[in-house]
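The values are calculated or read from the model by the stated rules, or taken from the named source; none is laboratory data. Computed from a predicted structure; not experimentally measured. Every residue, glycine as well, gets a Cβ built from its backbone with ideal geometry; the counts of neighbours run over all protein chains shown.
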């Protein structure tokens, strides 16, 4: 099957709910299993009934790969494995396996306890689900079964984020998940080798953005925070507990230290310490600088940043608060927002992307009033700032990755349709490769050239190499091998003909043709032979012609000149069946010469 | 395939495998046994060592030998900077090496000798912990040797010329002229900078010729066995493996199975001692000594078994009511080693890994440090050590040979007090030899070697399970063991290649096939025919492309420049059926065939076309004096009535 089929169940021309079905070489692979933050109904999860209309999907899916711990990439995993039913292998990196259950549990609490939702997965289901996970390390090549192989590459985006290379037979696909091509304060840049996959499935969150330098953005961010707290305002920074939060903490910590600021900085949730501990344990996944200095000073021990308590919300005076979740769709960050929004000295800084339907998305689009489920209306007078700190690759980064791994096709997911369109154009123009962007539920079929493994006889190759190397070097000269293709037990081999006969124990039957040409040419036979050789050398360019006494040979064609010194010569031309073309050409040549 | 052995120390191996036109070095162990012949280098000047009497061989008056040799309790030592025994450099030209594969950090100490100033241009591969902990070992070694008080002493050379008149054991020193002083720190840094980091089960492409994969060997953090694989051959290199359960990831045996060649090295150096019992003995000895008011010195390396010792000993002392006894780790790299071990979550055993998910440190020594129970210092004179040094205590420090490092000073200090004890755990050096220059010794000395690598019976079991087609091992392991009739320590049903330093042996099967890739377009064009049941064949002419040693066969466009215009060979399987041939000729319009049958074939005569066809068992010969049309008709007729592909 030379086709690769891709069906996004989520993240097709959309951000959130990443879940992409990949099928190639008879294997079905699910890439990510995320939930959508913007919905509270069944649209929250991918539509698994697409795979099997009812019941468990284990039989239809060979493996599930999770790229990183963000909920839009792993949020539906317990739902799929425990409620829909899946018992097959699930792969993710070690940090993802450690951190994902904490975020899942966090989300579950918000959904069930705060919003009172039912029919949601339980804590036990999260635990059971994580038990099924196989943790992988970077660059480890994992054989899922005899034919399916996966390998993780560093993706930078968050701690433990990985891109996955997937191979079945001679076909391969790279799925990037979310990635970042520029190193930041705590993580390195994504990297992949020139693996030349048949298809690259890349995220395209920032398909049209080319971001200015990181340093400028950081300076802007610090300036805004500093100005706000100087005026006595409160700064709310909604973040996810792990990831951007740590980077911004490092940033503020160093700034506070340098500027000797006294204004309190809080990090909400008891998760802080635990989260930072994960960073300490998995320091091998952070960037070079942190890894080098961790023995002397661990970057994740913060001096200025203290844990937040709910009672602090109404405290007077300036403060900076990091609160979860990042898109202002629920939880503490939303509570704080409701309290602080009506005052114009306050500020909210959205450091990352917000999916449609969330409060974050609304205020970023300039909404001055936000209505909540219970008819509560909040006026937004506080300053709303957007800072693109979420570590996605921008257009430049995506192009760079394509250049790195040289795919034969590109497929865009995890982005908005309009922006994708633009990037698709750009990729097709610049790299002259096909680019696809299927919508959710739409199947995209990509035809790939197959290569069939074949065992080639070394004797054949060596003989060819000797012939080839004997000729003057010419990079354009084609190299050719002639042999017998054998098919045994579905395995192919290319053998030398004698080797083949030996191996299978048959005697080769040889057919030889001989014709005679009479030629009036007085003088010794050797002289005649030499004349003939000169003629042949002119006509047969590129062939090796050997002569010994009155015998000339070209491949299997033998030419023999016989006759006394002063009489008619008999020229015997003889060749094997293989060289029929050559033999009859030479014979024709000699016959025309005689007439 | 050829295998060269460059090291005489089976525990510090160094092999070179030549395979597919590549030279692959497997490990580069540095044998440090030679340092035992030297006088210790005290970190603090020692009057006792300085005042040892000179030694001159009887009946010899050689002024050049003056001051080179000293005597202590009847044994002669060289008073010089200690020298090491690097791998043999005359057999293989190091500049021709393509790859060095390192299995674990105890087997990489000679790396600078191989890669620096030799013209080496290849790649070095090791796992991340191997690189980091190897760096700790090498830096510690370099610092101990260069930082010693007596390092001004010159290099003694004359004694090497006079081995024959020197007393044992110096007289038996193996090739001391090839011994070398330790490399400069700059060379060390350059050598380590060459190392490329790989993960377990990561397939490293070696110049397109083969894949090298490091698989877990269960011996220490990041220790690996290497599997070299091409499409048709597999070589497994097993070095420093352990089937015991300690802190590292367990051994991956499945990946080693069914190799064409299995190279076995670095088995246990103390086959008579069970590591579990030794650990128990050690705890008891330590507790007894501490209760008696004495201190315990453990000469150890800065990583490896040290982590297990800290874990077990602290737990044992807690149980023995000695929880207040401080533990010290003295090493220039102590802080890094202890910190580093706790961020290697992906390289530790499942049990330790589970702690990381909580998240807690995988090793308990981080908690011991936080509680102030375990202290670490860079050197003896460090404030952290000297300021709150309290006895009785347990001190872990290097070097296990007792020839340099803080251990030299502590032995000197405590040697005269029988309350103190020194416990040897590292198996690299015979403990009596290590202690020889400190005699007479009043402190207690215990020998509890803990070597977790495979012992002979475990290795035999492993070889049986792995079923290699050929086994290669150093001569030490092929030597007959005890028992009657004597059997080699390691035996195998398959052929065994025995290796000795300086020897090259041919091994492995001859290669006949290479893996190539056939394009679908070309594959669609060939129509294989049945030769016999289960075997189909077809002639094939293909455009050959070899790039990065990857062979691809594509459709050859007709008349391409330079293409030899020869068609692919046809395989005719048997002689044509003569009756069928005559009928076929008649269909072609050649009707007057006369058949003469002879003893070993027959002749078909076409008088009107002046043509004869000799049909024999293995050949058919057509003498055709007619025109081309007749010949083509004959050719078609023959093809129609004989089986071919």
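On the given criteria, is residue A:81 more than 28 Å from residue A:286 (Cβ to Cβ) and either in contact with a strand residue (DSSP E or B) (Cβ under 8 Å, 6 or more places away or on another chain) or in contact (Cβ under 8 Å) with a residue 12 or more places away in the chain (or both)?
Criteria met by residue A:81.
State all residues of region B:15-31 that are in a loop (DSSP other than H, G, I, E, B), buried (at least 23 other Cβ atoms within 10 Å of the Cβ) and touching a strand residue (DSSP E or B) at 6+ places or on another chain (Cβ under 7 Å); if no residue qualifies, say none.
B:27, B:28, B:30
For residue A:113, all conditions in the list (1) surrounded by fewer than 20 Cβ atoms within 10 Å (Cβ to Cβ); (2) more than 30 Å from residue B:212 (Cα to Cα); (3) under 18 Å from the mean Cα position of the chain (by Cα) hold save one; what is the number of the exception?
Among (1) surrounded by fewer than 20 Cβ atoms within 10 Å (Cβ to Cβ); (2) more than 30 Å from residue B:212 (Cα to Cα); (3) under 18 Å from the mean Cα position of the chain (by Cα), the lone unmet condition for residue A:113 is (3).
Of all residues being within 26 Å of the chain's Cα centre (by Cα) and crowded, with 16+ Cβ neighbours inside 10 Å in region A:279-290, which is farthest from the other protein chains (Cβ to nearest Cβ)? Just the residue, please.
Per the criteria, the residue is A:287.
Please specify each residue of region B:503-561 satisfying the condition of being more than 7 Å from every other protein chain (Cβ to nearest Cβ), part of a loop (DSSP other than H, G, I, E, B) and free of Cβ contacts under 8 Å to residues at least 24 places away in the same chain.
Hits for region B:503-561 are B:510, B:527, B:533, B:557, B:558, B:559.
Within region B:219-239, count every residue that is within 17 Å of residue B:199 (Cα to Cα) and assigned to a loop (DSSP other than H, G, I, E, B).
The total comes to 5.
What do you reckon, is residue A:135 in a helix (DSSP H, G or I) and within 26 Å of the chain's Cα centre (by Cα)?
Here the answer is no, as residue A:135 does not meet what is asked.
Output the qualifying pairs, or none if there are none: Cβ atoms under 6 angstrom, residues six or more apart or on different chains, first residue in region A:134-157 and touching a residue at least 24 places away in the same chain (Cβ under 8 Å) and facing another protein chain (nearest Cβ under 9 Å), second residue crowded, with 19+ Cβ neighbours inside 10 Å and not in a strand (DSSP E or B).
From residues that are touching a residue at least 24 places away in the same chain (Cβ under 8 Å) and facing another protein chain (nearest Cβ under 9 Å), the pairs are A:135/A:94; A:135/A:97; A:137/B:199; A:137/B:346; A:138/B:199.
Which numbered condition trips up residue A:440, out of (1) more than 10 Å from chain B (Cβ to nearest Cβ); (2) in contact with a helix residue (DSSP H, G or I) (Cβ under 7 Å, 6 or more places away or on another chain)?
It is condition (2) that residue A:440 fails.
Can you give me the ranges of the strands (runs of 3 or more DSSP E) entirely in region A:160-210 with at least 2 residues that are outside the structural domain of residue A:8 (by the TED database) and buried (at least 24 other Cβ atoms within 10 Å of the Cβ)?
none
Please go through region A:500-518 and pick out each residue that is more than 7 Å from chain B (Cβ to nearest Cβ) and in contact with a helix residue (DSSP H, G or I) (Cβ under 6 Å, 6 or more places away or on another chain).
The answer is A:517, and nothing else.
The rows are residues; the columns are (1) more than 9 Å from every other protein chain (Cβ to nearest Cβ); (2) in contact with a helix residue (DSSP H, G or I) (Cβ under 6 Å, 6 or more places away or on another chain); (3) at pLDDT 85 or above; (4) over 18 Å from residue A:513 (Cβ atoms).
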residue: A:533; (1), (2), (3), (4): yes, no, yes, yes
residue: A:546; (1), (2), (3), (4): yes, no, yes, yes
residue: A:555; (1), (2), (3), (4): no, yes, no, no
residue: A:565; (1), (2), (3), (4): yes, no, no, yes
residue: A:578; (1), (2), (3), (4): no, no, no, no
residue: A:587; (1), (2), (3), (4): no, no, yes, no
residue: A:595; (1), (2), (3), (4): yes, no, no, yes
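What's the number of the condition residue A:63 fails, among (1) crowded, with 19+ Cβ neighbours inside 10 Å; (2) in contact with a helix residue (DSSP H, G or I) (Cβ under 9 Å, 6 or more places away or on another chain)?
Failing condition for residue A:63: (2).
Considering only region B:309-427, give the helices (runs of 4 or more DSSP H) lying wholly within it that have at least 2 residues that are surrounded by fewer than 17 Cβ atoms within 10 Å (Cβ to Cβ).
Those helices (runs of 4 or more DSSP H) span B:350-356, B:365-370, B:383-386.
Just to be sure before I move on: is residue A:35 assigned to a strand (DSSP E or B), assigned by the TED database to the domain that holds residue A:144, in contact (Cβ under 8 Å) with a residue 12 or more places away in the chain and crowded, with 24+ Cβ neighbours inside 10 Å in the structure I sent?
Judged against the criteria, residue A:35 is not a match.
Checking residue A:449 against (1) under 30 Å from residue A:171 (Cβ atoms); (2) part of a loop (DSSP other than H, G, I, E, B); (3) more than 7 Å from chain B (Cβ to nearest Cβ), only one condition comes out false. Which one?
(3)
On the basis of being modelled with pLDDT of 80 or more, farther than 21 Å from residue A:574 by Cα and crowded, with 18+ Cβ neighbours inside 10 Å, does residue B:580 make the cut?
Criteria not met by residue B:580.
Of all residues in region B:353-375, count the ones that are at negative phi and away from chain A (no Cβ under 11 Å).
11
Within region B:603-611, can one find any residue that is away from chain A (no Cβ under 11 Å), out of contact with any helix residue (DSSP H, G or I) (no Cβ under 8 Å at 6 or more places or on another chain), over 19 Å from residue A:576 (Cβ atoms) and surrounded by 14 or more Cβ atoms within 10 Å (Cβ to Cβ)?
Looking for residues that are away from chain A (no Cβ under 11 Å), out of contact with any helix residue (DSSP H, G or I) (no Cβ under 8 Å at 6 or more places or on another chain), over 19 Å from residue A:576 (Cβ atoms) and surrounded by 14 or more Cβ atoms within 10 Å (Cβ to Cβ), one finds at least one in region B:603-611, hence yes.
Let's see how each residue does on (1) part of a helix (DSSP H, G or I); (2) crowded, with 18+ Cβ neighbours inside 10 Å:
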| residue | (1), (2) |
| --- | --- |
| B:95 | yes, no |
| B:100 | no, yes |
| B:124 | no, yes |
| B:139 | yes, yes |
| B:162 | yes, no |
| B:192 | yes, yes |
| B:196 | no, no |
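Scanning region A:291-333 for residues that are without any contact (Cβ under 8 Å) to a residue 40 or more places away in the chain and touching a helix residue (DSSP H, G or I) at 6+ places or on another chain (Cβ under 8 Å), which turns out farthest from the other protein chains (Cβ to nearest Cβ)?
Among those residues, the one meeting the criterion is A:314.
Every residue, every condition in (1) more than 21 Å from residue A:61 (Cβ to Cβ); (2) at pLDDT 95 or above, yes or no:
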site	(1), (2)
A:98	yes, no
A:107	yes, no
A:145	no, no
A:151	no, yes
A:164	no, yes
A:168	no, no
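Considering only region B:78-90, I want to know if a residue exists there that is assigned to a loop (DSSP other than H, G, I, E, B), out of contact with any helix residue (DSSP H, G or I) (no Cβ under 8 Å at 6 or more places or on another chain) and surrounded by fewer than 17 Cβ atoms within 10 Å (Cβ to Cβ).
Yes, some residue in region B:78-90 is assigned to a loop (DSSP other than H, G, I, E, B), out of contact with any helix residue (DSSP H, G or I) (no Cβ under 8 Å at 6 or more places or on another chain) and surrounded by fewer than 17 Cβ atoms within 10 Å (Cβ to Cβ).
If you check residue A:457 against the conditions, is it in contact with a helix residue (DSSP H, G or I) (Cβ under 6 Å, 6 or more places away or on another chain), modelled with pLDDT of 90 or more and at the interface with another protein chain (Cβ under 7 Å from one of its Cβ atoms)?
yes
Quick one: count up the residues across region B:622-645 that are surrounded by fewer than 21 Cβ atoms within 10 Å (Cβ to Cβ), facing chain A (nearest Cβ under 9 Å) and more than 60 Å from the chain's Cα centre (by Cα).
Within region B:622-645, residues that are surrounded by fewer than 21 Cβ atoms within 10 Å (Cβ to Cβ), facing chain A (nearest Cβ under 9 Å) and more than 60 Å from the chain's Cα centre (by Cα) number 6.
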